[in-house]
Amino acid sequence: MKLKFNSLLFITLFALTSCATRDKLTKTPEQKKAELFYSHGTSKLLQKDYREALKYLKQAYEIDPKDTKILNNLGMSYYFLGQTKTAFKYLEESLDIDSKNSDALNNIGSLYFKNKEYDKSLKSYQEVLSNLTYRHQYRTHYNIGLIYLIKGEKDKAKENFLMANTQNQDYCPASYELGKLYLGEYRYNSALKWFKEASKGVCYENPEPIYMQAITQLQLENYAQAKEKFQEVIERFSSTRYSTLAHLKLKKINSEQILEKQAKETVLPNNLKSTNQFDSPSF
């Protein structure tokens, strides 16, 4: 699985496993029909077939317009099709029915974020944090960290990224953001630690943490390790812009090392000549 760090706001979809919110034995034929449309729609949504997802979820909504999970996924179908205003409408309907619906709160917070309404986004995410049983709090902390980064409040951003990592040490996007923050503070060893963490698990197939490890090694003047990491980027991610950047960095390092070697070779004979002058016997 590849995660894109630069667009990683977390969106919550009600998965197929969450569909049995009521005892199936007590459901009416119409409710069972709505559940079937919902299941098909959610499956298409997870497959990123948004138009088919919308078709099925609209049919589910027509049968059961008060089901919050249908409203949530219907809203996100519209969002992924570029209909943000309509997405807000259905997410707000979901929250009107259940104001503590953490999935809908998370999603509406993400929509506010995309609209650059950061204060509203932050408020929604903070409401999610009040639900102590919500299973995705680490991702909520990550989203809050992104908002504080935009606001320039780096200490609060770092605090939330650390909370995300504490709650789920395998959540590599938070590690990546921590690496960038520590790099900006010139704390290169700490930055390197977090960039290494960010290259594990589901982020293994991302070039960014590997490239940033190389950049950090350069700052530490560990040129051999830096070159090794740049080479890894080139070999593993040849079709990305990071491969191009790595090529340029390697070329620069090699050029500088050649110039440094030439400078030493030039200085050495001069030093020897100067030394010989002082060591020559005086008559």
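The values are calculated or read from the model by the stated rules, or taken from the named source; none is laboratory data. Nothing here was measured: the structure is a model prediction, and the numbers come from that model. Please note: Cβ atoms are built from the backbone with ideal geometry, for glycine as well, and neighbour counts cover all protein chains shown.
Please determine whether any residue of the range 12-33 is closer than 30 Å to Tyr148 by Cα, modelled with pLDDT under 95 and either among the aliphatic types (A, V, I, L, M) or in contact with a Leu (Cβ under 8 Å, 6 or more places away or on another chain) (or both). Yes, some residue in the range 12-33 is closer than 30 Å to Tyr148 by Cα, modelled with pLDDT under 95 and either among the aliphatic types (A, V, I, L, M) or in contact with a Leu (Cβ under 8 Å, 6 or more places away or on another chain) (or both). When every residue of the range 87-102 is checked against the conditions, none turns out to be at pLDDT below 95, over 28 Å from Thr133 (Cα atoms) and not in a helix (DSSP H, G or I).
Inspection of the range 113-133 finds no residue satisfying the criterion of being of a type in the set (Ser, Thr, Tyr), more than 24 Å from Lys100 (Cβ to Cβ) and at pLDDT 95 or above.
Among residues of the range 168-179 that are touching a residue at least 12 places away in the same chain (Cβ under 8 Å) and over 14 Å from Ala191 (Cβ atoms), those with a Cβ under 7 angstrom from a residue that is of a type in the set (D, E, K, R) and part of a loop (DSSP other than H, G, I, E, B), sequence gap 6+ or separate chain, pair up as Cys172/Lys200.
Among Ala198, Ala164, which is the only one that is in contact with a Pro (Cβ under 6 Å, 6 or more places away or on another chain), buried (at least 24 other Cβ atoms within 10 Å of the Cβ) and modelled with pLDDT of 95 or more? I'd like the intermediate steps shown before the answer.
Numbers: Ala164 fails: in contact with a Pro (Cβ under 6 Å, 6 or more places away or on another chain).
The match here is Ala198.
Of the set (1) modelled with pLDDT of 95 or more; (2) in a helix (DSSP H, G or I); (3) of a type outside the set (Ser, Thr, Tyr); (4) under 28 Å from Lys151 (Cβ atoms), all apply to Gly82 but (2). When the range 169-195 is filtered for residues that are modelled with pLDDT under 95 and surrounded by fewer than 19 Cβ atoms within 10 Å (Cβ to Cβ), the ones remaining, listed by number, are Gln169, Asp170.
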